[in-house]
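Only one structure is covered here, and it is reproduced in the block below.
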Amino acid sequence: MQIHNHYFYDSEKCEFVPIEYNLYQQIAYNLSIWILTGITLAGIGLMVLSIYIGTPSELALKSENEALIQQLEVTQEKLLDLDQTLATISERDNAIYRSIMGLETLEEEESLLGVGGSNQYQNFEVYSENAASILEWTSSKLDEIERRINVQDVSLEEVKEKYNSHKEALSHIPAIKPGNGILLSGFGMREHPILGYVRPHDGLDFRADIGSPVYATGDGTIKLAKRYGNFGKTVIIDHGFGYETLYAHLSDYEDGIKVGTKVKRGQVIAKSGNSGLTEGPHIHYEVHLNGQAVDPLLYLFADISPEEYIMFKEIAETSQKSF
């Protein structure tokens, strides 16, 4: 790029004389022009990027926000799982513990009582709509779970207090599994595997190989220990307080198990088998309260976790026939 001529006034000649530039001055001039042009264009480019795309720090913050939102969505799923587990605990608390202890059941609304007043989550409104929605839901669900846990904590204290004052009676209530196997079939209408028609199934069927131990599920007295119709070899225990349990399809009885024998919860009373009208070896187990068959699943509260209870409940609801 040529430097345009600059002039100075020569007073002696009374005229304007052009200034002459050497090669090095030409090069310095051209470099200056290109550097200034580059700086100007770079500045304009950064302005455009910051307006329409964002600065590097803004881009990094945006990426971080997206990662946080994804993590919050994962947290939502975990909170839903926790909420379901807590609901199951609450159900068991009402259906088993409080019922057995003679305590009034807790209404669902009581455990979901909220905090009144203005919207306590309005501070999230400054964020994007998606982020605000997730944060509000998460905070609300956490508050709800916290309230329900507090209610269950109070209920547990009531149950413990009641238990401590009724230990003798509670040791007689059937409260454990009769064997070590998994549940095969539940309580209710089921298709009989041999007879082939649907009829009431008054107990639970547990998987058990022939010769597996069968346990008394509560303290009591042996009421029956012999063959009992289609049940084959059977044991019936009278636990008192209106409770009786039945253990069927046995292969043998433990030594000393006869009518009138006193037994303790967890004591081995027999060996599982395949006697009677059955499709294969298993333990058929029933609980009767005041002469009526009740769902034994509600009484397995002393040796199964909430997760096992949920699994057993699903099996009981989906099984279509007895064994």
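The values are calculated or read from the model by the stated rules, or taken from the named source; none is laboratory data. Since we're looking at a predicted model, the values are computed, not measured. Here the Cβ positions follow ideal geometry from the backbone for every residue, glycine too, while neighbour counts run over all protein chains shown.
Worth pointing out:
- Test: residue in region 175-195 that is aromatic (Phe, Trp, Tyr), at pLDDT below 95 and farther than 24 Å from Tyr309 by Cα: no
- Among the residues listed as Phe301, Phe231, Phe241, the single one being under 21 Å from Asn180 (Cβ atoms), aromatic (Phe, Trp, Tyr) and in contact with a helix residue (DSSP H, G or I) (Cβ under 6 Å, 6 or more places away or on another chain): Phe301
- Matching option when the condition is in contact (Cβ under 8 Å) with a residue 60 or more places away in the chain and more than 36 Å from the chain's Cα centre (by Cα), among Asn274, Asn230: Asn274
- Flag for Ile222 being without any contact (Cβ under 8 Å) to a residue 24 or more places away in the chain, β-branched (Val, Ile, Thr) and more than 28 Å from Thr318 (Cβ to Cβ): no
- Val115 hydrophobic (A, V, I, L, M, F, W, C), modelled with pLDDT under 70 and over 18 Å from Leu298 (Cβ atoms): yes
- Cβ pairs under 6 Å, 6+ apart, first in region 237-251 and in the same structural domain as Arg265 (by TED's automatic domain parsing) and among the aliphatic types (A, V, I, L, M), second outside any strand (DSSP E or B) and modelled with pLDDT under 95: Ala248/Phe231
- Annotation: of all residues in region 242-254 being crowded, with 16+ Cβ neighbours inside 10 Å and not hydroxyl-bearing (Ser, Thr, Tyr), the one that is farthest from the chain's Cα centre (by Cα) is Glu254.
Listed here are the residues, each with its yes/no results for (1) under 20 Å from Thr221 (Cβ atoms); (2) of a type outside the set (Phe, Trp, Tyr).
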site: Ile257; (1), (2): yes, yes
site: Gln267; (1), (2): yes, yes
site: Asn274; (1), (2): no, yes
site: Thr278; (1), (2): no, yes
site: Tyr285; (1), (2): yes, no
site: His288; (1), (2): yes, yes
site: Leu298; (1), (2): no, yes
site: Asp303; (1), (2): no, yes
site: Pro306; (1), (2): no, yes
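- Failed criterion for Tyr228 (all others in (1) surrounded by 19 or more Cβ atoms within 10 Å (Cβ to Cβ); (2) hydroxyl-bearing (Ser, Thr, Tyr); (3) under 16 Å from Ile283 (Cβ atoms) hold): (1)
Yes/no per residue for (1) surrounded by fewer than 20 Cβ atoms within 10 Å (Cβ to Cβ); (2) modelled with pLDDT of 85 or more; (3) over 20 Å from Gly229 (Cβ atoms):
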residue	(1), (2), (3)
Gly256	yes, yes, yes
Val263	no, yes, yes
Ser272	no, yes, no
His284	no, yes, no
Gln292	yes, yes, no
Asp295	yes, yes, yes
Thr318	yes, no, yes
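- Among residues of region 303-314 that are closer than 14 Å to Gln84 by Cβ, those with a beta-carbon under 8 Å from a residue that is among the basic types (Lys, Arg) and surrounded by 14 or more Cβ atoms within 10 Å (Cβ to Cβ) at least six positions away or on a different chain give the pairs Pro306/Arg92; Tyr309/Arg92.
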